[in-house]
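Taking it in order: structure first as structure tokens, then the write-up.
The values are calculated or read from the model by the stated rules, or taken from the named source; none is laboratory data. On a predicted model such as this, the values are computed, not experimentally measured, just so you know. Cβ sites come from the backbone with ideal geometry, for glycine too, and all protein chains shown count toward neighbours.
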Amino acid sequence: MDTAQLALLALLIGVILGGSVALVVIAAYRARDRAIEHGSTEVPDGVRDVLAGMDDPAVVLNPSGTVLAASIPAAAYGFAEGAVPPSDDVLLLANAARVGTATDAATLRLPRAGEERVVSVRARPITSRLVLVVLRDVTEQERVEQMRRDFVANTSHELKTPVGAVSLLAEAIDSAADDPAQVRAFAKRLLAEATRLGTLTTRIMSLSRLQSEQPAAMRDVAVDELVVAAIAAHATQADSAGVEIRRGGERGAYVHGDPQVLGEAVGNLLANAIAYSPRGSHVGIGVRVVDRVVELAVSDQGVGIAEADQERVFERFYRADQARSRRTGGTGLGLAIVKHAVQRHGGEVRLWSRLGQGSTFTIRLPRAEPRAAPRGRSKKARKNPKKTADTARKDSVA
Ligand code: ADP
């Protein structure tokens, strides 16, 4: 090997060694940058942009628990940049997440605009020093879940009484087999309990259907039809209670809805008005159209409802007068069904009542315009559209 070749080899080795050293140095610099970034309390690039686009409340906390960055909705829960979180529980959760324990999620009660909210809180470390805390308001889900639990508990409780009575009465009939008068008396009570059980079951089913599905058979419904049907269905109850039903108000209004669901709601109001009225009094049922709203009111001169109970009577199984409700075979579900049925149709139910004077329940529903009859047609023709269509066809042929 001559000198020139040796020089070339040395140069090559030098270049290789130099390049390797340079690479090691660059890698070391990069690793150092990464370590600095990871251990820093600077919010990493892009995190603020993500927070700015978030609909949920979310914050980044540093090790001393100061909020370094926050999404806009976080302000409603009292989180502010540069301040500590409004709840120590959030801090505890963030610390747990930073040290990697399993308790990095919890359901907390936090104030929002002066109101306590149920919030699901999750904390995740985003660097070795910073923790991202994301909150989700689950108040509504909690409320629905609580209602479902209460409904199941109340339903079982309500069913237990008549079911128990039915088996006791059956045993009583068996032991009184030799005494026809007693057997008849027990059989009458057995029938009453069985009827109560039947009503309760039907109402529970109505209510759960209303809470789970939309009314199915939607069509234009003549409010007069609902009124006439409810009066006819409750004529016997009114007769035996010595209560007169009086019909009043406007005619010809329409609403859009499920006639069966609406009919049940009107029927429940009329049944209550009769049940809670004294003998010799009258119950009114009437319709009024105010702007684009149809108001169907059922009023009575009965016992009335105390102001404190007026909100609560629409709750499931709530009875303002326990004893009377049981005596009249009440289930405590009638008004809950009315409320849900009306709300499902985009309406509301209002109550006016005074103890000892009576009550007025008003169902308010959006007014529907039934498909208008062509102009110039007589009232008779509008009553019989098929005939009119036939006549029109004949006319056009002629
Ligand atoms: P119930 O089957 O017990 O009548 P509802 O849900 O229909 O159940 O009514 C709830 C409670 O509201 C009743 O127990 C009763 O105390 C009260 N209530 C309902 N309607 C009337 C009314 N027209 N007059 C007085 N109290 C009423």
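Values computed for the structure shown
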quantity: Conditions (1) part of a helix (DSSP H, G or I); (2) within 20 Å of Leu51 (Cβ to Cβ): number failed by Arg129; calculated: (1)
quantity: The stretch 45-58: number of residues that are under 35 Å from the mean Cα position of the chain (by Cα), at pLDDT below 95 and of a type in the set (A, V, I, L, M, F, W, C); calculated: 4
quantity: Residue match in the stretch 123-137 (condition: at pLDDT below 95, touching a Gly at 6+ places or on another chain (Cβ under 9 Å), surrounded by 14 or more Cβ atoms within 10 Å (Cβ to Cβ) and not assigned by TED's automatic domain parsing to the domain that holds Val67); calculated: no
quantity: Count - residues of the stretch 318-351 that are in contact (Cβ under 8 Å) with a residue 12 or more places away in the chain and either more than 17 Å from the chain's Cα centre (by Cα) or assigned to a strand (DSSP E or B) (or both); calculated: 15
quantity: Looking only at the stretch 171-189, and only at residues there that are exposed (fewer than 13 other Cβ atoms within 10 Å of the Cβ) and in a helix (DSSP H, G or I), the one that is nearest to the ligand (Cβ to nearest atom); calculated: Lys188
quantity: Hey, Arg319 in the same structural domain as Glu225 (by TED's automatic domain parsing), among the basic types (Lys, Arg), within 16 Å of the ligand (Cβ to nearest atom) and modelled with pLDDT under 95 or not; calculated: yes
quantity: Only one of Val60, Val118 that is farther than 19 Å from Gln141 by Cα and in a strand (DSSP E or B); calculated: Val60
quantity: Count of residues meeting criterion [more than 15 Å from Ala253 (Cα to Cα) and either near the ligand (Cβ under 9 Å from one of its atoms) or hydrophobic (A, V, I, L, M, F, W, C) (or both)] in the stretch 340-370; calculated: 11
quantity: Checklist (1) modelled with pLDDT under 80; (2) assigned to a loop (DSSP other than H, G, I, E, B) applied to Ala27, failing item; calculated: (2)
quantity: Among (1) touching a strand residue (DSSP E or B) at 6+ places or on another chain (Cβ under 6 Å); (2) within 13 Å of the ligand (Cβ to nearest atom) - the single one Arg292 does not satisfy; calculated: (2)
quantity: Residue check, Val298 more than 7 Å from the ligand (Cβ to nearest atom), surrounded by fewer than 19 Cβ atoms within 10 Å (Cβ to Cβ) and more than 21 Å from the chain's Cα centre (by Cα); calculated: no
quantity: Hits in the stretch 79-98 - residues which are in contact (Cβ under 8 Å) with a residue 24 or more places away in the chain, under 13 Å from Val60 (Cβ atoms) and assigned to a loop (DSSP other than H, G, I, E, B); calculated: Pro85
quantity: Those residues of the stretch 74-114 which are surrounded by 17 or more Cβ atoms within 10 Å (Cβ to Cβ) and within 27 Å of the chain's Cα centre (by Cα), in sequence order; calculated: Ala74, Tyr77, Leu110, Arg112
quantity: The stretch 301-315, residues that are assigned to a loop (DSSP other than H, G, I, E, B) and more than 8 Å from the ligand (Cβ to nearest atom); calculated: Gln301, Ala306, Gln310, Glu311, Glu315
quantity: Residues within the stretch 337-361 that are surrounded by 17 or more Cβ atoms within 10 Å (Cβ to Cβ) and either in contact with a helix residue (DSSP H, G or I) (Cβ under 6 Å, 6 or more places away or on another chain) or within 14 Å of Leu262 (Cβ to Cβ) (or both), tallied; calculated: 11
